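For reference, the structure is listed below as structure tokens.
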Amino acid sequence: MSEISPIDTSISRRPSRPLPRHHERYLYTYRLLAGATPLQFIISVEPESGRPRAGNYTFRLSFRANGIERPLAEPIIRKLKVDPRQLEFVVFVFPGKSSLPAGCLWSLRVWLRVNSIDHRLFGEDELWVGKDPDFNSIGDASFARLKNVDAKEQVYHAYVGKALVSFIVRWTKASNGTYKYSLEYEANGVGAILFEDLNLKLDGDPRTVTFLIYSVPTTSMPVGASHRLRVWLRSLVPLNASDPSTSYVLPFNDSYIYQRIWKSDAFKVGARLDFESLGSKMVMGFSSGSPVTITTNQPGMDSSPSPRSAYEDKSRAFDF
């Protein structure tokens, strides 16, 4: 009778993988009514350690209106020795300086209150938002018209001075419900990126968010060479289904929430500019002929300027 070999009971063990680290952050939401516009402010409190213990915390502020959420201000870091899940904030807005359109400019303040001591976290003096502003009150404004919409971009045409300019808004999906927006302009074969880092979190289809783009001429030599450029996003206010009067609302009575997202006070584009008007002391250069072509084995270092950001540092007009 043949001998039966014993069963090998040893088990090959694979190296165990570390469990995913549990990381927490805490969201506080505050609501208010600015004029006729409902607003929400979301404060994110994120511990460096990932757990609610004493240490460094990153505070982030975002702003939400009519189903669109976007970041405000730069993140800041504070040390906490208190429970981050039981914080109290003081959030308020007050009207800014006189503005066009009227009733859209607000100053925002966010304070952290702990054990009766207040610490200011965020201050913003150029929060532009409003319901159905009167843009017709802006004298000499030239408004862009929406010409084309597809799955990933919108194209607007406008006359900036005498120059026909195309403004192209593009977006890519960054994560669930969040899109990264960019804006560039093109005029007769030449263009540039105006910004490319605007993050919007949307409740719906990004194609339903449209933009209001306009320019206003400023004093310049030659005339028509410099303009103020403003970019607002707009979103349709949904109708209240429980209100019987909404069944009679016509398309031209639609209501929108507008938010200003970018500006330039020196947009330099013109057409048929009269440089001779600079006067007799101006010395005009002349061309030396066709360009010289230089060929290298390796491309040179990229010295192109960085695209402009949608988020700009603002000077503080108030100390509180």
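For residue 269, list long-range residues whose amide hydrogen, built 1.01 Å from N in the peptide plane, is under 5 Å from its own amide hydrogen.
Counting only residues 5 or more places away or on other chains, the set is 227.
Explain nothing, just compute: Karplus ³J(HN,Hα) = 6.51 cos²θ - 1.76 cosθ + 1.60, θ = phi - 60°, for every residue of the range 284-290 in order, whole Hz, x for Gly and Pro.
In residue order, the calculated couplings are 8, x, 9, 6, 9, x, 5 Hz.
What's the exposure ranking of 281, 152, 81, going from fewest to most Cβ atoms within 10 Å?
281, 81, 152
Taking the beta-carbon count within 10 Å as an exposure proxy, list 28, 258 from fewest neighbours to most. Mind dumping the intermediate values first?
Values: 28 17, 258 23.
Neighbour counts put them in this order, fewest first: 28, 258.
Over the alpha-carbon set of the range 100-177, work out the extent along each principal axis and list the three values in angstrom, largest first.
The Cα atoms of the range 100-177 stretch 58, 38, 21 Å along their principal axes.
Within the set 79/180; 81/263; 162/201; 201/263; 97/147, which residue pairs have Cα atoms separated by over 29 Å?
Table pairs above 29 Å Cα-Cα are 79/180; 81/263; 162/201; 97/147.
Taking the number of other C-beta atoms within 10 Å as the exposure measure, put 178, 37, 210, 296 in order starting with the fewest.
Ranked by crowding around the Cβ, least crowded first: 296, 178, 210, 37.
Report the normalised scattering of the range 26-130 as log10 I(q)/I(0) at q = 0.15, 0.16 Å⁻¹, calculated by the Debye formula with identical scatterers on the alpha carbons.
With one equal scatterer per Cα and no solvent, log10 I(q)/I(0) is -0.64, -0.72.
Can you check what the net charge comes to around residue 76, using other residues whose Cβ is under 11 Å from the Cβ of residue 76 (Lys, Arg +1; Asp, Glu -1)?
Residues near residue 76 contribute +2 overall.
Where does the charge balance sit around residue 132 when Lys and Arg score +1, Asp and Glu -1, over other residues with C-beta under 12 Å from its C-beta? List each step's numbers first, then the result.
Working: positive: 131, 234; negative: 134, 254.
Local charge sum for residue 132: 0.
Quick one: Karplus J couplings for the range 269-282, per residue in order, coefficients 6.51, -1.76, 1.60, θ = phi - 60°, nearest Hz, x for Gly and Pro?
3J(HN,Hα) across the range 269-282, in whole Hz: 9, x, 10, 6, 6, 8, 5, 5, 6, 5, x, 6, 7, 6.
Quick one: length gained pulling residue 88 to residue 159 fully straight, 0.36 nm per residue minus the C-alpha distance?
Difference between extended and current length: 20.6 nm.
Where a number appears in this text, it was derived from the coordinates with a stated rule and is not lab data. As the structure is a computational prediction, the values presented were derived from the model and not from experiment. Note: ideal-geometry Cβ built from the backbone for every residue, glycine included; neighbour counts use all protein chains shown.
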